[in-house]
Amino acid sequence: LALLDPNEPSKVIALTSSVPREGKSVTSLCLAEILAQAGESVVVVDCDVRRHGLTNLVSEAANAQIGIVEAIKKNLPLNDVLVLDPRSGAWVLPVAQHEGVPEDLFSTKQWDALVRSLSQRFDHVILDTPPLLGVADSRILCTKADKVLFVVHWNKTPMSAVQAAADILQQCGAKVAGAVLAQVNIRQQAR
């Protein structure tokens, strides 16, 4: 990401995939940890309000009573909704454990204002998005990001799903920086 184009920012980075369980949340958290260890300030935003993948990975965030939905809908201060992950050194904007998913959460002016606030406060904003196939939220989030990383579960995700998701990214004009092969079986790959 840093070497792609030094003149073009990589401040807001979206991670997406074709289908669920490809490793987006783990990859998002690992990227945040690498950036934090390099001395960068970083926040990871759990944008998958249906599955809460990232929130469930961070024990400090898993029981959050307020999170991204409340931050957007109620315009809450960042200090009220951010959780520090001591293991990675990154901040997390979790999904609170509530019922119901608001429609058009990420196409609002409030979401844009939240991302601007996060961008002013942190060196990097990582968006852990839902899968592209089945949820429109990812398309919106990917078009608003400076760069997109496309996560693919190695040797498992069907090529037709990968191609369909790649086509969606191209059609919506997302700035795809590259693909990440996740969950690679090192022993099998070594052969």
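The values are calculated or read from the model by the stated rules, or taken from the named source; none is laboratory data. Predicted model only: the values in this text are computed from it and were never measured. Here Cβ is always computed from backbone atoms with ideal geometry, including for glycine, and neighbour counts include all displayed protein chains. Heavy atoms of the whole protein, side chains included, go into the accessibility calculation; ligands, DNA and RNA do not. Shrake-Rupley method; radii C 1.70, N 1.55, O 1.52, S 1.80 Å.
Quick notes
- Each residue, S41 and Q171, gets one label point 7 Å from its Cα in the Cβ direction; the gap between the two is 3.9 nm.
- For the pair R21 and L78, a Förster radius of 35 Å applied to the C-beta separation gives a FRET efficiency near 0.70, rounded to the nearest 0.05.
- Rounded if a/c under 1.5, otherwise prolate or oblate - the chain, Cα gyration tensor axes: rounded
- For segment 78-117: rounded, prolate or oblate by the Cα gyration tensor [a/c cutoff 1.5]: oblate
- Pairs exceeding 23 Å between alpha-carbon atoms, taken from K11/K156; K11/K144; K74/K175; K24/K144: K11/K156; K74/K175.
- Accessible-area ranking of C142, C172, largest first, probe 1.4 Å: C172, C142
- Once the Cα-Cα distance is subtracted from the 0.36 nm per residue extended length, the S160 to Q65 segment shows a gain of 30.3 nm.
- Each residue, Q183 and S119, gets one label point 7 Å from its Cα in the Cβ direction; the gap between the two is 3.3 nm.
- Here the Gaussian network model covers the chain, with springs between Cα atoms less than 10 Å apart; of T129, T108, T143, T108 fluctuates the most.
- Solvent-accessible surface (1.4 angstrom probe) belonging to L181, in square angstrom, nearest 10: 110 Å²
- Prolate/oblate/rounded call for segment 41-98, Cα gyration tensor, a/c under 1.5 rounded: oblate
- Accessible solvent surface per residue of the chain, calculated while the other protein chains remain in place, 1.4 angstrom probe, Å²: 51 Å²
- Mean separation of Cα contacts under 8 Å (6+ apart) over length of the chain, as relative contact order %: 32 percent
- Length added when fully stretched, C30-A136, from 0.36 nm per residue minus Cα-Cα: 35.6 nm
- Note on the chain: GNM, Cα springs under 10 Å; of P102, P130, P94, the largest mean-square fluctuation is that of P102.
- For D128, solvent-accessible area (1.4 Å; no DNA, RNA or ligand), Å²: 0 Å²
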